[in-house]
Amino acid sequence: MEFDLKKTLLALLFSTNEPLSVKDIQAVITRYHEQAENDQEDEDEAGESATGEDGQATFRTLMEQVPSLLTSAQIRDAMDAIATDLKDKDSVYRMQEGPNGFRLVVSPHYAEWVRLLRGEPRPQKLSPAALETLAIIAYRQPVTRAEIEAIRGVSADSALSRLLERELILIIGRAELPGRPLQYGTSDTFLEFCGIRSLEELPASDVLSPNQITEWIRKATMPEEVVSDRDVGLAEEPATEQPEN
């Protein structure tokens, strides 16, 4: 039997519900060779192999086929090939890579059947307000509630509570501002929700640059100084003529 990296990775993916990282896979390969070397030492000490000469030859051949070290590039290439095969064959499974590694998931076409089997309620969709708030946090993090409200122009309390409940965002610290307001950021659940590995994979904003958004927030959160009637929409009073002496 020849060593097949793709089939081996598929077997590992099927065997766990947790994401499988590159380091996890490399650790399995390392343990394989350590166990094989220990088995060989035990056989050498016994003086003869219980499997016979043919068995020993097959065992050594398989050991030679399994690389002692798999690079992350080799693993990713194999995972990409698996993902392509599953999609081309219209399999019920799909490959998904998240922030913590690779995993097999059920195709969206069959998600409803799985939900019915488990007796789970339909997933609740995010409201437009929650999606807007989530987008602001994703692109501006770390960000405070006041900054979110300065951009949206309305209260963000309800949306923040909903996103925290869904674990799409989390509190990541406090801002060095008066009152030390809480700062929010996205979670690993958010990355899995979007199907990306890191925030760098988010689409680039082509509307406003980060500096423009920062300046917008600064102006929106700072009180404006009123210096004349015109600044508040009032007509200026005509200047009073001074009597001549």
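The values are calculated or read from the model by the stated rules, or taken from the named source; none is laboratory data. All values derive from a computational prediction rather than experimental measurement. Here the Cβ positions follow ideal geometry from the backbone for every residue, glycine too, while neighbour counts run over all protein chains shown.
Taking region 1-111 as the region of interest, the helices (runs of 4 or more DSSP H) fully inside it that hold 3 or more residues being modelled with pLDDT of 90 or more and closer than 30 Å to Arg197 by Cα are 5-14, 22-46, 72-88. Only residues that are in a loop (DSSP other than H, G, I, E, B) and farther than 27 Å from Arg197 by Cα were counted across region 157-183, and they come to 6.
Among residues of region 189-201 that are assigned to a loop (DSSP other than H, G, I, E, B), those with a Cβ under 8 angstrom from a residue that is of a type in the set (D, E, K, R), sequence gap 6+ or separate chain, pair up as Arg197/Glu97. Filter region 78-112 for residues that are among the charged types (D, E, K, R) and either at negative phi or within 18 Å of the chain's Cα centre (by Cα) (or both) and give the result. The answer is Asp80, Asp85, Lys87, Asp88, Lys89, Arg94, Glu97, Arg103, Glu112. Exactly one residue among Leu134, Leu116 is surrounded by 15 or more Cβ atoms within 10 Å (Cβ to Cβ) and assigned to a helix (DSSP H, G or I), and that residue is Leu134. For beta carbons closer than 6 Å, sequence separation of 6+ or different chains, a first residue in region 103-115 that is over 22 Å from Leu9 (Cα atoms) and a second that is of a type outside the set (Lys, Arg) and surrounded by 13 or more Cβ atoms within 10 Å (Cβ to Cβ), the qualifying pairs are Tyr110/Val92; Val114/Val106.
Residues are listed down the side, and each one gets a yes or a no for (1) surrounded by 13 or more Cβ atoms within 10 Å (Cβ to Cβ); (2) hydrophobic (A, V, I, L, M, F, W, C):
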{"site": "Pro99", "(1), (2)": "yes, no"}
{"site": "Phe102", "(1), (2)": "yes, yes"}
{"site": "Glu149", "(1), (2)": "yes, no"}
{"site": "Ala159", "(1), (2)": "yes, yes"}
{"site": "Glu176", "(1), (2)": "no, no"}
{"site": "Arg197", "(1), (2)": "yes, no"}
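Is it fair to say Gly185 is of a type in the set (Gly, Ala, Ser) and surrounded by 14 or more Cβ atoms within 10 Å (Cβ to Cβ)? Yes, satisfied.
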